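First comes the structure, then the notes that go with it.
The values are calculated or read from the model by the stated rules, or taken from the named source; none is laboratory data. Since the structure is predicted, the reported quantities are computational estimates derived from the model, not experimental observations. Note: ideal-geometry Cβ built from the backbone for every residue, glycine included; neighbour counts use all protein chains shown. The area values use the complete protein model at the heavy-atom level, side chains included, leaving out ligands, DNA and RNA. Shrake-Rupley method; radii C 1.70, N 1.55, O 1.52, S 1.80 Å.
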Amino acid sequence: MKYKGRFGDYGGFYVPEVLIPALEELEDAFYRFYEDVRFVTELEQLSKDYAGRPSPLYYAKRFSEYVGFKVYLKREDLLHGGAHKVNNTLGQGLLAKYMGKTKLIAETGAGQHGLATAMVGALFGMETKIFMGVIDIERQSVNVHKMKLCGAEVIPIEGGSGTLKDAINDALRYWTAHVSDTFYLFGSACGPHPYPTIVKHFQSCIGKETRQQCLDEIGKLPDMVVACVGGGSNAIGIFSAFIEDKDVKLIGVEAGGRSLDSGKHAATLVAGRVGILHGAKSYLLQDKQGQVYDTESVSAGLDYPAVGPEHCLLKDTGRAQYVAAEDEDVLDAFELLSKSEGILPALESAHALAYLCSQKGKLDKETIAVVNLSGRGDKDVGIVEKHRPLEQASDR
Amino acid sequence: MKTYKQVFSELKRAALIPFFVIGDPDFDTSLKIVKAAIDAGADILELGIPFSDPIADGPTIQKADIRSLKSGINVQKALKFIRKLKDYKDIPIGLLMYYNLVYQYGIENFFTDFQQAGVNSVLVADLSIDDADEIIAPAASAGLDTVFMVTPNTNTQRMKLIASKTTGFIYAVSLLGVTGSREKLSDMVETLVGKLKGLTRVPVCVGFGISRAEHAVMVASAGADGVIIGSKIVQLIEENLDSREKILSEISSFLTSVKNSIPLRS
């Protein structure tokens, strides 16, 4: 490998030898093409015409009135596929095409990355396999169906807890046996180098647009940027443009699950310890011996025991602050945005909103907070209905 | 303590190296199984401490990991297991690990404690030669040999680098893929072993997918110094969980037949 892929001491590429040539090939291709004029032009065109970029920055007036300060939503939920994931799958899919690969594989938790991969698989005419835990298949069945409609094969993973971690394990195993013709389209800003760098690059459009929109529409930078963190792709995407703006607080919100004390959560940066999983050194939810915990969250997309290496560094340096939001508060926030704005947020993104709700009455009313509304909540209606049957919800 | 060097120089044929997950299906049975393998002619042992996320392993060893973890195996019990084995016979032992377990125990401590228990090397499956410096110095100061993997897609330059950092043996992976028994031996084995033998004098042992006596014969005939058999043996445990005696007899007769068919070096 040309680069170490480290963020401080985090990251790296802790993988079996058999995967090294594939990662080397990927690293080489990424650095060859990511600034290549033809590649950039083609990706910009697709981002605009296929995905629907730029996404709007929306002032959520009624939600703002509730929390008592100004909240702007970066509407990644309006992109094709319903989430920010398409930014990355278009980028990596195009990279796969430039590399001459004909087959795509991907892991997925909530199904948003799986769907976004299935979409580009169809777009580029590539055979696509999506690895997904059986629990996630059950709770995100609409996305499973959509992936199949786009022509992808969805491979159910029984192992472990049947969630994202297990899907990544099996996608890596499959890749090990098919490295020569298969491109592994990794969905989050974690995993082995060069993925954290690649995913950040393709998601950094969120931050660049947001920063410019703040300057153009509000006339200044926000006081804080808030995003949910599972693996951390939407968060690093929006944070990346603001890292040098020291006055802008960066806040990542992890899945507090049932509660931090119960141990049933996925708040890796808040409650984890440094370890090594899926090819990278990062904070990790694990027992004393180093066995990785099964995580739990109402949102499948955040249900992951490790986290992107750059977030680990941002935590340690204090540049970003990481907190956790518990399931019940997330469901409250989901309902609040739906009722106040007519926007159903993905349960993942609702974690970021839940943090804002927790700040109600604590911030000056002129405070400007930008939230990365990374996905829309249509996929989660069934889960919300299960937790909050409608009669109950309407009483709130 | 018997070294790899001694075994490879004494043997007139390729070494028989069975792999087991420590504590599969439980501590006591596992100990009996491994002792039976020693009695059946194992020359070196490869042992794994189970990990929650074994990405280099296929379904058979994943299930063994789960059985072992459920029976309560942890690093401390693995140390005890190895001490008991060494009390039974002085046979070289290579540990096959995923990095996080070593990292959490503390790399130096892990190497020192396992060397003292009787381990000869620690192969970390998810640590490539690029980051080998994280373990080479601690291994050397603990008195351990190093073992690294080479795969059919490793380029020549890397092979040389890997060989230069290996003091025990090179673990040549026979195929592109994860562990698991296979009907046919990978057609990449001969080329891989031949190439390695042309590059280095470090012993070369071949693993992954070796499931029959004739596979072992082919690997040995290709010039390998050792034949590592994992999933096939672990499968014999899985298939006979209702009878501990049957596990012992099946593994014993399988290993004996493999041992007897490995040809003497020409």
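For the range A:19-46, enumerate the residues that are within 12 Å of chain B (Cβ to nearest Cβ) and either surrounded by fewer than 20 Cβ atoms within 10 Å (Cβ to Cβ) or in contact with a Leu (Cβ under 6 Å, 6 or more places away or on another chain) (or both).
A:P21, A:E24, A:E25
Does the range A:236-257 hold any residues that are hydrophobic (A, V, I, L, M, F, W, C), in contact with a His (Cβ under 7 Å, 6 or more places away or on another chain) and not in a strand (DSSP E or B), and which are they?
Within the range A:236-257, A:I236 is the sole residue that qualifies.
Within the range B:225-247, is even one residue among the basic types (K, R), surrounded by fewer than 22 Cβ atoms within 10 Å (Cβ to Cβ) and assigned to a loop (DSSP other than H, G, I, E, B)?
Within the range B:225-247 (the criterion being among the basic types (K, R), surrounded by fewer than 22 Cβ atoms within 10 Å (Cβ to Cβ) and assigned to a loop (DSSP other than H, G, I, E, B)), the answer is no, since none of the residues qualifies.
Read through the list (1) open to solvent by 30 Å² or more (accessible area, probe 1.4 Å); (2) hydrophobic (A, V, I, L, M, F, W, C); (3) under 13 Å from the mean Cα position of the chain (by Cα), then give the number of the only condition that A:A255 fails.
(1)
Could you check how many residues of the range B:57-87 are farther than 23 Å from B:S181 by Cβ and touching a Lys or Arg at 6+ places or on another chain (Cβ under 8 Å)?
Residues flagged as farther than 23 Å from B:S181 by Cβ and touching a Lys or Arg at 6+ places or on another chain (Cβ under 8 Å) within the range B:57-87 amount to 1.
Of everything in the range B:133-147, what is within 11 Å of chain A (Cβ to nearest Cβ) and either open to solvent by less than 10 Å² (accessible area, probe 1.4 Å) or of a type in the set (K, R) (or both)? Give them in sequence order.
As a first pass, look at the range B:133-147 and keep what is within 11 Å of chain A (Cβ to nearest Cβ): B:134.
Scanning the range B:133-147 gives no hits.
State all residues of the range B:153-184 that are out of contact with any strand residue (DSSP E or B) (no Cβ under 7 Å at 6 or more places or on another chain) and polar (S, T, N, Q); if no residue qualifies, say none.
Across the range B:153-184, the qualifying residues are B:N153, B:T154, B:N155, B:T156, B:Q157, B:S164, B:T179, B:S181.
Of all residues in the range B:8-54, count the ones that are out of contact with any Pro (no Cβ under 7 Å at 6 or more places or on another chain), under 30 Å from A:T295 (Cα atoms) and of a type in the set (V, I, T).
Count: 2.
Collect the residues in the range A:169-192 that are under 24 Å from A:N234 (Cβ atoms), hydroxyl-bearing (S, T, Y) and not in a loop (DSSP other than H, G, I, E, B), keeping them in residue-number order.
Passing the criteria: only A:Y184.
Could you check, for the range A:114-133, whether at least one of its residues is farther than 24 Å from A:S47 by Cα and charged (D, E, K, R)?
From the range A:114-133, those farther than 24 Å from A:S47 by Cα are A:131-133; that's our starting set.
Then keep just the ones that are charged (D, E, K, R); that gives none.
The answer is no; no qualifying residue exists.
Within the range B:11-103, which helices (runs of 4 or more DSSP H) (wholly inside it) include 2 or more residues that are within 14 Å of another protein chain (Cβ to nearest Cβ) and crowded, with 24+ Cβ neighbours inside 10 Å?
Because the criterion is at least 2 residues that are within 14 Å of another protein chain (Cβ to nearest Cβ) and crowded, with 24+ Cβ neighbours inside 10 Å, the helices (runs of 4 or more DSSP H) in the range B:11-103 that meet it are B:59-70.
Is it fair to say A:G257 is modelled with pLDDT of 95 or more and either more than 29 Å from A:K61 (Cα to Cα) or away from chain B (no Cβ under 14 Å) (or both)? Before you say what the answer is, go through the steps one by one.
Working: modelled with pLDDT of 95 or more: yes; either more than 29 Å from A:K61 (Cα to Cα) or away from chain B (no Cβ under 14 Å) (or both): yes.
Here the answer is yes, as A:G257 does meet what is asked.
Residues in the range B:158-206 that are open to solvent by less than 30 Å² (accessible area, probe 1.4 Å), in a helix (DSSP H, G or I) and within 14 Å of chain A (Cβ to nearest Cβ): how many?
6
Which residue out of A:D364, A:D332, A:D380 is more than 25 Å from the chain's Cα centre (by Cα) and either more than 19 Å from A:G252 (Cβ to Cβ) or of a type in the set (G, A, S) (or both)? I'd like the intermediate steps shown before the answer.
Details: A:D332 fails: more than 25 Å from the chain's Cα centre (by Cα); A:D380 fails: more than 25 Å from the chain's Cα centre (by Cα).
Only one candidate qualifies: A:D364.
Of the residues A:L285, A:L313, A:L277, A:L302, only one is more than 10 Å from chain B (Cβ to nearest Cβ), touching a residue at least 24 places away in the same chain (Cβ under 8 Å) and crowded, with 20+ Cβ neighbours inside 10 Å; which?
Being more than 10 Å from chain B (Cβ to nearest Cβ), touching a residue at least 24 places away in the same chain (Cβ under 8 Å) and crowded, with 20+ Cβ neighbours inside 10 Å holds for just one of A:L285, A:L313, A:L277, A:L302, which is A:L302.
Give the residues of the range A:171-207 that are within 11 Å of chain B (Cβ to nearest Cβ) and free of Cβ contacts under 8 Å to residues at least 40 places away in the same chain, sorted by residue number.
Across the range A:171-207, the qualifying residues are A:R173, A:A177, A:S180.
Suppose we keep only residues that are part of a loop (DSSP other than H, G, I, E, B) and within 20 Å of the chain's Cα centre (by Cα) within the range A:258-279. Which one would you say is nearest to A:F239 (Cα to Cα)?
Among those that are part of a loop (DSSP other than H, G, I, E, B) and within 20 Å of the chain's Cα centre (by Cα), it is A:A267.
Which count do you get for residues in the range A:47-60 that are in a helix (DSSP H, G or I), in contact (Cβ under 8 Å) with a residue 60 or more places away in the chain and open to solvent by 30 Å² or more (accessible area, probe 1.4 Å)?
Qualifying residue count, the range A:47-60: 1.
Does A:G230 satisfy the criteria of being of a type in the set (G, A, S), within 14 Å of chain B (Cβ to nearest Cβ) and open to solvent by less than 20 Å² (accessible area, probe 1.4 Å)?
So A:G230 fails the test.
Just need a number here: residues in the range A:295-331 that are more than 22 Å from A:F242 (Cβ to Cβ) and either at pLDDT 95 or above or among the hydroxyl-bearing types (S, T, Y) (or both). Break it down stepwise before answering.
Going residue by residue through the range A:295-331, those that are more than 22 Å from A:F242 (Cβ to Cβ) are A:295-301, A:303-306, A:326-331.
Remaining after also requiring either at pLDDT 95 or above or among the hydroxyl-bearing types (S, T, Y) (or both): A:295, A:297, A:299, A:304-306, A:326-331.
Total satisfying the criteria: 12.
Please enumerate the residues belonging to the range B:105-132 that are more than 8 Å from chain A (Cβ to nearest Cβ), under 16 Å from A:V18 (Cα atoms) and either surrounded by fewer than 23 Cβ atoms within 10 Å (Cβ to Cβ) or touching a residue at least 40 places away in the same chain (Cβ under 8 Å) (or both). So that I can check it myself, show each step before the final result.
Residues of the range B:105-132 more than 8 Å from chain A (Cβ to nearest Cβ): B:106-124, B:132.
Now narrow it down to the ones that are under 16 Å from A:V18 (Cα atoms): B:123-124, B:132.
B:L123, B:A132, listed by residue number.
Which residues, taken from the range B:213-224, are open to solvent by 10 Å² or more (accessible area, probe 1.4 Å) and either without any contact (Cβ under 8 Å) to a residue 60 or more places away in the chain or farther than 11 Å from B:A14 by Cα (or both)?
B:A213, B:E214, B:V217, B:M218, B:S221, B:A222, B:G223
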